[in-house]
Amino acid sequence: MIIKLFNKVGSFAENKDIARDIRINKLIPALNKNQEIILDFDKIEGATQSFIHALISDLMRTFGNTVLDKLKFKSCNDTVKKIITIVIDYMQES
Amino acid sequence: MKIHIPNSAFLGNIDPFLKGFDPSNKTKLTITANKKWSSIHPVVLSMIAALGLTLKPNNIVCDKLESKSKHYLERMGLFKFLGIKSNIVIKQHESSGRFIPLTQIKDSKSLTEFIQDINPLLHLKPDHAEPIRYIMSELIRNVLEHSLSGFGAIVCAQYYKKSNVIRIGIADTGVGIWKTINYSYKPKNDMDAIGLALAPGITGTTQKLGGTESNAGAGLFFIKSIATVNRDFFMIYSGTAMYKLLKRKGEKIKLHADPFKDRHSKKTGLPFWEGTVVGVDISLNTTPQFSLLLDLLNKTLIEAMKERKILYHKKPQFL
């Protein structure tokens, strides 16, 4: 499953309500079916830590860090890559 | 309530302005101003507007302003916010104007629309836009999620050409930091609560490390860190306490998980602000690449989490 985030959040991914909706309605059902997910960040210039946290932290808590074998991040710029890394490191440390 | 717009109130010298605020008699707001000249940080305007919103216009008394800077107050939308006629005619879009007028944000959708408008209003280059929209988004979202204020967040910002700085002010009249943090922790006082709110891994929504699915407890730490790396002022005022990150010069930058280890000043016993006020300066001269800042931030965050995790380790009971 590929989820194109730009269509949902625009060029700056900060709306946590949308992140929560994607997590609940797309990501969790797909992971429950053991599907692979690609989060496509094409055209996204930036993201907040809060947005990424709302998008993926609960997945790591629920499915464990092996969820990262199923969850891939595509077309991320440097900033977005670093924010995602921060959130994932943070979750694994907590 | 009484509030006086002084001759000068920026983050570096804002303490007397805060001390002069009189929060008594919440049914009326009296605004006075320096007669000659007022040069003020946007956070001052956000505070006045936030107070004004809690009252009907006929309960707001504003001195007849004589200083030249009344045009600035008009342009930033203060009188419109307060429902007071100023009788000042100005050109709304002067070429020199790089500012965000006072704006009330009450929901997530309005915040997203507001964030999209930041770049055109402040004429920011992409490198500069990143930290500024990041800061504004996270601070305003904090208000929407935690303040429980029916009036939302009151925000404004201004570019200062001479110093090449963007100054941002955000105020709310919600429950304040102590009450938010007290839900999960037991802060002794307002300053203790501010310290906890600025530390990574601490959120009012839970005591669990890593926060909840909605809150990581890292938002304010990120913002303070952006200000630290930029060597800029950052001020947070809630209840009777104010914490101020001071400017730094030359020395090597180190991010601290404990805000009281940063170069700072703090004031307690200030007039009670029911809610939270945040002021930030972002110098466009010193803004490093946002992605470099994130490297430093990640390192500090992980170290802080490791330290915090040790605090939660169970100890053996030796009998």
Give the stretch B:20-49 a look and list any residue that's closer than 17 Å to B:G275 by Cβ, within 19 Å of the chain's Cα centre (by Cα) and among the small types (G, A, S), or say none.
B:S46, B:A49
Are any of the residues in the stretch B:262-274 within 25 Å of B:G169 (Cα to Cα), within 14 Å of chain A (Cβ to nearest Cβ), surrounded by fewer than 18 Cβ atoms within 10 Å (Cβ to Cβ) and of a type in the set (G, A, S)?
no
Before we move on, is B:G250 at positive phi and at pLDDT below 85?
yes
Flag if A:K26 is of a type in the set (K, R) and touching a Ser or Thr at 6+ places or on another chain (Cβ under 7 Å)
no
Among the residues of the stretch A:72-85, what is the count of those that are charged (D, E, K, R) and more than 7 Å from chain B (Cβ to nearest Cβ)?
3
Six or more apart or on different chains, Cβ under 9 Å: which pairs go from a residue in the stretch A:37-63 that's facing chain B (nearest Cβ under 9 Å) and of a type in the set (D, E, K, R) to one that's in a strand (DSSP E or B) and surrounded by fewer than 24 Cβ atoms within 10 Å (Cβ to Cβ)? Could you list them?
A:E45/A:F12
Does the stretch B:205-219 contain any residue that is assigned to a loop (DSSP other than H, G, I, E, B), away from every other protein chain (no Cβ under 14 Å) and closer than 26 Å to B:L297 by Cα?
no
Quick one: would you say A:I88 is crowded, with 16+ Cβ neighbours inside 10 Å, more than 9 Å from every other protein chain (Cβ to nearest Cβ) and at pLDDT below 95?
yes
Do the conditions hold for B:D295, that is, is it within 12 Å of chain A (Cβ to nearest Cβ), loosely packed, with under 15 Cβ neighbours inside 10 Å and at pLDDT 85 or above?
yes
Note: among B:G195, B:G169, just one is modelled with pLDDT of 95 or more, surrounded by fewer than 23 Cβ atoms within 10 Å (Cβ to Cβ) and small (G, A, S), namely B:G195
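The values are calculated or read from the model by the stated rules, or taken from the named source; none is laboratory data. Note that the coordinates shown come from a computational prediction; the quantities given were computed from them, not determined experimentally. Cβ coordinates were reconstructed from backbone atoms using ideal geometry, including for glycine residues, and neighbour counts include every protein chain displayed.
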